[in-house]
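Below you'll find the structure, written out as structure tokens, and then a few comments.
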Amino acid sequence: MKDALRHTGIGALGDMPWGSHFCLFYETKEDLLSAVVPYLKAGLESKEFCTWAVPEPLTEDEARQALSQAVPAFDRYLAARSIEIVSAREWYLDGDRFDLKRIIDGWHEKLIGALSRGYEGMRASGDTVWLEAKHWKDFSAYERELDESLAGRFITVLCTYPLTVSRAVDVLDVARVHQCTMALRKGIWEVIETNEPATGKSLVRMSEAGYAASNRSAKLATLTPREHAVLAQIVAGFSSKVAAQRLGISRRTIEFHRANILQKLRAKNTADLMRVVLGE
């Protein structure tokens with residue numbers, strides 16, 4: 001079985017499980033490059049097929065040059081067709097028309113092709129600088145559909161949004177359909193957590209006194225409030241399905257958090273996680 005967690009190459013993000021769908025709001029071209037280049041570099045070095053749909057005004061040649069400077073033997077990866085660099089506008093639009101099914105099918109076809117060629121999986125990055133107001137409704141539907149379609153597949157997708165053309169309402173809409181939302185503004189990172197609703201005290205009921213005590217430990221202090229909420233459900237013995245219902249989020253988001261919790265607490269499985277949390 002392929003490794004459950006993949007190195008993203010993005011320090012603010014860490015490792016992510018297969019099927020992850022996350023996004024970045026960026027301010028400058030330099031911000032975009034400083035996020036996407038290490039993300040794709042890590043993919044190439046992890047034997048993943050990579051696709052980058054680059055936005056204007058960044059050109060495909062500039063994208064290749066940036067990767068060439070960051071990735072040793074990049075020409076070898078390029079010659080082996082381990083990476084594909086295309087125009088974001090041409091990838092997403094058929095003329096002036098956005099076709100949700102065509103794009104999602106396109107990602108899946110690339111993944112199938114990558115797996116047939118022996119790659120571990122695929123990672124992709126696409127940008128929305130081409131997006132106009134008339135496309136927004138269809139594109140929002142696409143992001144929701146894409147998030148669901150990635151489940152159980154050996155692929156990760158990083159969607160990038162330029163802050164210069166993103167409205168506040170767009171930021172909120174985007175955050176709801178991605179597992180993790182980040183912002184990079186002139187070299188300063190901000191992680192805006194994940195897409196589930198804010199967690200109130202009613203959602204963080206600790207079912208075990210031992211958990212409340214061990215919550216003060218250094219390891220548990222590294223968890224986010226949302227991860228604590230998910231961990232509480234695990235400690236209580238709830239399945240992912242039940243935990244998802246209790247927290248009002250998707251089962252897949254529960255699994256996403258569970259994978260991150262295991263990694264942060266250095267637990268091999270749920271039983272090991274319980275020992276760490278309960279101090280056994």
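Annotations for the structure displayed:
- Qualifying residue in the stretch 10-22 (condition: touching a His at 6+ places or on another chain (Cβ under 9 Å) and of a type in the set (D, E, K, R)): yes
- Some residue of the stretch 55-77 being under 15 Å from the mean Cα position of the chain (by Cα) and not acidic (Asp, Glu): no
- Selection from the stretch 235-252 of residues that are assigned to a helix (DSSP H, G or I) and free of Cβ contacts under 8 Å to residues at least 40 places away in the same chain: 240, 241, 242, 243, 244, 245, 251
- Residue in the stretch 120-133 that is assigned by TED's automatic domain parsing to the domain that holds residue 10, over 19 Å from the mean Cα position of the chain (by Cα) and of a type outside the set (A, V, I, L, M) present: yes
- Considering the stretch 50-167, the qualifying strands (runs of 3 or more DSSP E), each wholly inside and each with 2 or more residues that are among the small types (Gly, Ala, Ser) and out of contact with any His (no Cβ under 6 Å at 6 or more places or on another chain), run over 121-127.
One line per residue, one yes/no per condition, for (1) touching a residue at least 60 places away in the same chain (Cβ under 8 Å); (2) buried (at least 23 other Cβ atoms within 10 Å of the Cβ); (3) β-branched (Val, Ile, Thr):
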residue	(1), (2), (3)
26	yes, yes, no
31	yes, no, no
38	no, no, no
41	no, no, no
46	yes, no, no
49	yes, yes, no
54	yes, yes, yes
64	no, no, no
68	no, no, no
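The values are calculated or read from the model by the stated rules, or taken from the named source; none is laboratory data. Source: prediction; values computed, not measured. Positions of Cβ are backbone-derived with ideal geometry, glycine not excepted, and every protein chain shown enters the neighbour counts.
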